[in-house]
2 protein chains.
Amino acid sequence: MDDPVLLTGAGGRVGQAILRDLADDYDWRLLDREPLPREKIPESVDDDAVYVADVTDDDAVLEAVDGVGGIIHLAGDPRPEAPWDSVLRNNIDGTHTIFAAAVEAGVEKVAFASSNHAVGAYETDDRTPDLYRPHDEYRLDGTEPPRPSNLYGVSKASGEILGRYYHDNHDLSVVCVRIGNLTRGHPPWNYERGQAMWLSYRDCAHLFDRCLQADYGYEVVYGISDNERKYYSIDRARDVLGYDPIDNSAEFEQHPKNQ
Amino acid sequence: MDDPVLLTGAGGRVGQAILRDLADDYDWRLLDREPLPREKIPESVDDDAVYVADVTDDDAVLEAVDGVGGIIHLAGDPRPEAPWDSVLRNNIDGTHTIFAAAVEAGVEKVAFASSNHAVGAYETDDRTPDLYRPHDEYRLDGTEPPRPSNLYGVSKASGEILGRYYHDNHDLSVVCVRIGNLTRGHPPWNYERGQAMWLSYRDCAHLFDRCLQADYGYEVVYGISDNERKYYSIDRARDVLGYDPIDNSAEFEQHPKNQ
């Protein structure tokens, strides 16, 4: 993509994973609600491409999207336990602001950070913990309706529906990535669920790179590494986006101290 | 249901259709944002069971739901062309207020007025107008993911997800009724789409009666009469709720003046 790419929530964990590997691959614009410390801004990004703004601020968002070709929209309250008022404003209203501005500015593609919490209630007592283990063949593939496990998950599912609307009615290309458990370096130790939905930093960057490069209409995909334990299918991400992850939480399952 | 039943948006079209047939069948509490004119309040309902309150007002809603066994939640901005700020507040936030209060007050069942606009984008150019005609066998059955045709539809789909969350995580029984085209007396003339999704007043009252009487967990059903033209299945409403509609828009297809 030759046009600039806007990354919202650039200072967060997902944003930093993306910038670590893709800093030099795009003409980035970074947006965050808080001023970004210098170490979170790649050297290749000029100060005037860094926006301090709330995603619910229509005018600020319109200025930031002017002339961009793609958006990776990560901004929002990331806490699974976030209260309703916060996710209503930051996640639902903020995501509407991004999609509406994208259409107004003629942006081609938006990759929206959805979450495993949008489907967390599929992890019922009778399915777990088998669900998290290699032998279990139960899979969610992105075609199932959301079943959120918290109000944060409700807000992410609502963001997916906003994306569906803006795709169907305004021709925007939208991919919603239900992100698993992103941790740096290694999967969480002693946490089967986290291992089943692990997303390594480099697979995360590669996945969002594919979201900017591939052609699609509206997609819901899962964002996890190629884990041996898994209950999210990554087939759709492979087929439509060309996602080709290289990490697998099984290669890290024991804490080095316990080996 | 012996406990009182709260009807929100009681002064609107759906609320009035329900009260016309079921005024004496329940111990009603009526809530509306505007004071209800006397002719909209059944004689059986005392003045102190009529609440003037906004559904985004947590305290007022908690007072209205205290001691009720069921809620029919219709309140919201009903305009398909309603702007985002209005549906965000009145429909999404307001519906959250109702569900949260229902759980806090120990309410058993909530019937939520969703809408055909939550799935309006299935009516693509290549499917219409065949979709609206008796020979066409395409059906939506409530298992398909929302594809809203406007921001009002986005808000209704978000309300369905809130219902899913409050059912899965708080054991509330929730039925979402994707209401078709409710008109009094006869279906809309010369409007195939409206005839395909017609819901007569008496079928509407009967359907919400069944929502209060039947046992269910979480359901999404279509609210239309037994029309010959249709692209919404009413099988699920029949099977789970015992819905047994008596009207059919085909019996009215010509304006009497044209017959």
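Using a 1.4 angstrom probe on heavy atoms only, work out the carbon and sulfur share of the accessible area of the protein assembly as shown in %.
Carbon-and-sulfur percentage of accessible area, whole number: 40.
Tell me the distances, shortest first, between B:D21 and the same position across the other copies, using label points 7 Å along Cα→Cβ, in nm to one decimal.
Listed shortest first, these distances are 5.8 nm.
Rounding to the nearest 20 debye, state how big the charge dipole of the range B:5-258 is about its Cα centre with +1 on each Lys and Arg Cβ and -1 on each Asp and Glu Cβ.
820 debye
With every protein chain kept in place and ligands, DNA and RNA left out, what is the accessible area per residue of the range A:5-249? Probe 1.4 Å, answer in Å².
38 Å²
Taking the rotation that carries B onto A, look along its axis and tell me which residue of B has the beta carbon nearest to it, distance in whole angstrom.
B:S158, 2
How high is the relative contact order of chain B? Use alpha-carbon pairs under 8 Å, at least six apart in sequence, and give a whole percent.
18 percent
Hey, for A:P188 with labels 7 Å out along Cα-Cβ, what do the inter-copy distances come to in nm, ordered shortest first?
With the label placed 7 Å along Cα→Cβ, A:P188 yields 5.0 nm.
Find which of B:T143, B:V220, B:F252 sits farthest along the positive direction of the dipole of chain B, computed with +1 on the beta-carbon of Lys and Arg, -1 on that of Asp and Glu, about the Cα centre.
Working it through, the farthest residue towards the positive pole turns out to be B:F252.
Number of Lys-Lys pairs in the protein assembly as shown under 23 Å by Cα, sequence gap 8 or more or different chains?
5
Kindly identify residues of the range A:75-89 having a loss of at least 20 Å² in accessible area between the isolated chain and the assembly of all protein chains, probe radius 1.4 Å.
A:W84, A:L88
Let me know the mean shielding of A:151-157 by other chains, meaning the per-residue number of their Cβ atoms within 10 Å of its Cβ.
Mean partner shielding for this stretch: 5.
Using all C-alpha to C-alpha distances in the range A:5-249, build P(r) with 5 Å bins and read off the rounded percent in each one.
1, 7, 15, 19, 21, 18, 11, 5, 2, 1, 0
When Cβ neighbours within 10 Å are restricted to other protein chains, what is their mean count per residue of peptide A:163-170?
Average per residue, whole number: 5.
Order the peptides B:223-229, B:188-194, B:77-83 from the highest to the lowest mean number of other Cβ atoms within 10 Å of their residues.
B:223-229, B:188-194, B:77-83
Quick check on packing: order B:131-143, A:140-152 by the mean number of other C-beta atoms within 10 Å, highest mean leading.
With the highest mean Cβ count within 10 Å placed first, the list reads A:140-152, B:131-143.
Which distances, shortest first and in nm, link A:T124 to the matching position in the other copies, using label points set 7 Å out along Cα to C-beta?
For A:T124, the other copies' label points sit at 3.2 nm, shortest first.
Buried accessible area between A and B (1.4 Å probe, both chains summed, ligands and nucleic acids excluded), in Å² to the nearest 100?
Answer for the A-B pair: about 2000 Å² buried.
Filter the DSSP H helices in chain B by two things, a Kyte-Doolittle mean of at least -1.0 and an axial alpha-carbon span of 24 angstrom or more, and list the hits by number.
B:151-170
Between Rg and the Kirkwood Rh of the range B:179-259, both from Cα atoms, what is the Rg to Rh ratio?
1.01
The values are calculated or read from the model by the stated rules, or taken from the named source; none is laboratory data. Everything numeric in this text was worked out from a predicted model, so none of it was measured. Here the Cβ is made from the backbone with ideal geometry for all residues, glycine too, and neighbour counts use every protein chain on show. Calculation scope for accessible area: heavy atoms of the full protein, side chains included, ligands and nucleic acids excluded. Shrake-Rupley method; radii C 1.70, N 1.55, O 1.52, S 1.80 Å.
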